[in-house]
Amino acid sequence: LVGTGFAIAALLGFVIAYAFVIAEEFTHLRKSKAMVVMAGVIWVLVAIAYARAGIPGAADLLKEQIGGYAELLLFLLAAMTYVNTLQERGVFNAIRDWLIGRGFRPRALFWISGVLAFFLSSSLDNLTTALVMGAVVVAVGAGNPRFIAIGCVNIVVAANAGGAFSPFGDVTTLMVWQQGVVTFQEFFVLFVPSLVNWLVPAIIMSFAVPDAEPAVLQRRAVVKPGGYVVAGLFALTIAMTVSMHNFLHLPPALGMMTGIGVLSIYGFVLRRQELGAQRSSLAAGDMAVQVPEGFKPANRPFDIFISMKRVEWDTLMFFYGVVLSVGGLGALGYLRLLAESTYADLGPLTANVLVGIASAIVDNIPVMFAVLSMNPDMSHGHWLLVTLTAGVGGSLLSIGSAAGGARKRQARGNYTCFGHLRWSWASALGYA
């Protein structure tokens, strides 16, 4: 159906919607909005094209796409809720302040933040890791924009590389694991190439790190009650998810949602304790304070639904738009055409290397989803290769990964597209 007017209109609509995604930094229109609308438009065009051609099953194809997205949504919802709870309990702030309080000089902190970003991203995901470690760099480099810029580039590269050798490290690796293309244990085969991908540019950039006096810690963050227990529950949830998937062949989303249920029960206990402490404090001070209706104090008793509310819903809705849009284009025949022109004509090695380069320009999620939907006939080693390239290719440009986009918003002008581009050649050496 690729030559029909409906298919051409769908492809053109996808290109226009993605142009809005790329231009988000300038238009300030959330990237999910155009993609969610276009997903609906594309599937309407698919249904009409199928009906005109007398082909049944358009609705069944759509249900299959929605089912695949539902698994991804539930998994990420649980993981992000855990991460937000750790943030609310002050665990990440405590890590940041511990590093600053040790009095490390900028060059030492450059390497420490890179190592931590590399390993933390394998469980926290590259986006969260970039935000947490980026906060350390920004705090330490106050008044030293050159250090902040180079430190942020290092963290983005390290977070993307560390996320490539774990199914929990990036959405692309999660999709590969959920589809059963690569097993949990096999991801660790990618550890050495992922490490090389970060170490090569890190060594080069380390010579340009400016020296300065270590930052002085004004005030140390305190972990709220239950913070370390939540971290333990998160680790147990990951272990349970992997075990249920490996031994019982159940979807990973089930294990993560079971874990979030455990967290909600523990959250109930935490909330009761904090409400009791709040009442005792008021009673001891005999404070008959009239609190205005709708007033939201800075320190409120724990509520797991606040952690859920703070999930990156824009990102999750963007995934919905991408998954359904790419699936719709596949239903019209474009992915088969793309597979024939890349994997069949160029060969899997060249095609998989180009996937990583494309992910730096477009974004690794639609690119990887397209590869999984095409399901090209290639060896298991090549599936590992494309998992690696799609994960680390986004480090070539700041717009190529969620970690890079998040760092730009957080660094307030000290980390920019052009600042990252200055070191793209070093990232390219690591990628090669």
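The values are calculated or read from the model by the stated rules, or taken from the named source; none is laboratory data. Quick caveat: nothing in here was measured; it's all calculated off a predicted structure. A quick note on method: Cβ atoms are made from the backbone with ideal geometry, for glycine too, and the neighbour counts reach across all protein chains shown. These area figures cover heavy atoms from the full protein model, side chains too; ligands, DNA and RNA do not enter into them. Shrake-Rupley method; radii C 1.70, N 1.55, O 1.52, S 1.80 Å.
Points worth noting:
- Cα centroid of region 325-379 to Cα centroid of region 34-112, whole Å: 20 Å
- Largest-first principal axis extents of the Cα set of region 13-86 (Å): 53, 32, 11
- Test item: Cα-centred dipole of the chain, Lys/Arg +1 and Asp/Glu -1 on Cβ, debye: 1220 debye
- For the chain, the longest principal axis of the Cα atoms and the long axis of helix 58-88 meet at an angle of about 20 degrees.
- Gyration tensor verdict on region 142-213 (Cα atoms; rounded if a/c is under 1.5, prolate if a/b is larger than b/c, oblate otherwise): prolate
- Global form of region 62-125, assessed from the alpha-carbon gyration tensor, a/c cut-off 1.5: oblate
- Compared with the dominant Cα axis of the chain, that is its longest principal axis, helix 252-285 is turned about 20°.
- 222 nm mean residue ellipticity, helices alone, for the chain (DSSP H n ≥ 4; -39,500 (n - 2.57); rounded to 500): -23500 deg cm²/dmol
- For the chain, the carbon plus sulfur part of the accessible surface works out to 66%, probe radius 1.4 Å.
- Total lysine pairs whose alpha carbons fall under 25 Å of each other in the chain (8 or more apart, or interchain): 10
- Between the helical axis of 191-206 and the longest alpha-carbon principal axis of the chain there is an angle of about 60 degrees.
- Only Lys, Arg (+1) and Asp, Glu (-1) charged, at Cβ; region 1-146 dipole about Cα centre in debye: 500 debye
- Dipole of the chain [Lys/Arg +1, Asp/Glu -1 at C-beta], most positive-end residue of Leu254, Leu120, Ser395: Leu120
- Unit Cα scatterers, Debye sum, the chain: log10 I(q)/I(0) for q = 0.14 Å⁻¹: -1.34
- Short-range pairs are left out: with C-alpha atoms under 8 Å and at least six residues apart, the relative contact order of region 1-159 is 16 percent.
- Only Cα pairs under 8 Å and 6+ residues apart enter the sum, and on that basis the relative contact order of the chain stands at 25 percent.
- Student exercise, region 1-84 dipole from Lys, Arg, Asp, Glu Cβ charges, in Debye to nearest 20: 180 debye
- Average accessible area per residue (Å²) across the chain - probe 1.4 Å, nucleic acids and ligands excluded: 46 Å²
- Burial order of peptide ranges 174-187, 150-163, 117-130, 74-87 (average beta-carbon count within 10 Å, highest first): 150-163, 117-130, 74-87, 174-187
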